[in-house]
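Bear in mind these aren't lab numbers, they're just calculated from the coordinates by the rules spelled out. Everything numeric here is computed off the predicted structure, so don't read it as measured data.
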Amino acid sequence: MRKTTVAAFAALVLGGCSMKPHTAVTPGDLLHHNFVLQSVDGETVKSPVGGGLLNLEFGENLHVSGAMCNRFFGEGQLRDGMLTVKPLASTRKLCPDEQRNRWDRVIGTVLENGANVTLNAQQLTLNGSGHTLVYTLRDWVY
């Protein structure tokens with residue numbers, strides 16, 4: 001019985017040592033990357049009619065830009081895993097697809113109010129203002 005307890009305790013201790021501690025996303029993790037939208041609040045994103053990607057990209061000094069129904073951009077701040085883009089500028093056209101119009105408002109609200117950012121492998125997730133947006137890394141190829 002004692003050997004089993006010692007073995008179980010050793011396995012638990014060694015397993016805990018191999019776990020990678022959670023670290024907050026840094027601007028360097030996002031710099032020069034382009035992410036394509038996969039889902040909004042659990043709704044799967046389909047490719048827009050006529051092409052074009054619903055994306056989010058990060059440039060120098062945490063310049064954030066992308067497209068939903070409209071193009072948007074602004075200077076981001078990332079503190080303790082929280083991304084905020086204020087002020088967020090955007091074009092103001094109406095999209096023929098009501099779902100994308102709704103998502104356009106969602107991304108604006110999430111970025112302006114702040115979103116918790118997680119980056120796992122090639123998946124970027126923004127959680128904020130009661131919404132979850134999931135993106136997949138798809139860098140531009142020149």
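Whole-Hz Karplus values for the range 53-62 come out as 9, 8, 9, 9, 9, 10, x, 4, 6, 6 Hz, taken residue by residue from phi with 6.51 cos²θ - 1.76 cosθ + 1.60 and θ = phi - 60°; glycine and proline positions read x. Based on Cα contacts under 8 Å between residues 6+ apart, the range 22-137 shows a relative contact order of 26 percent.
Diffusion coefficient (Stokes-Einstein, Kirkwood radius over C-alpha pairs, 37 °C, 0.692 mPa s) for the range 22-137: 234 µm²/s, rounded to a whole number.
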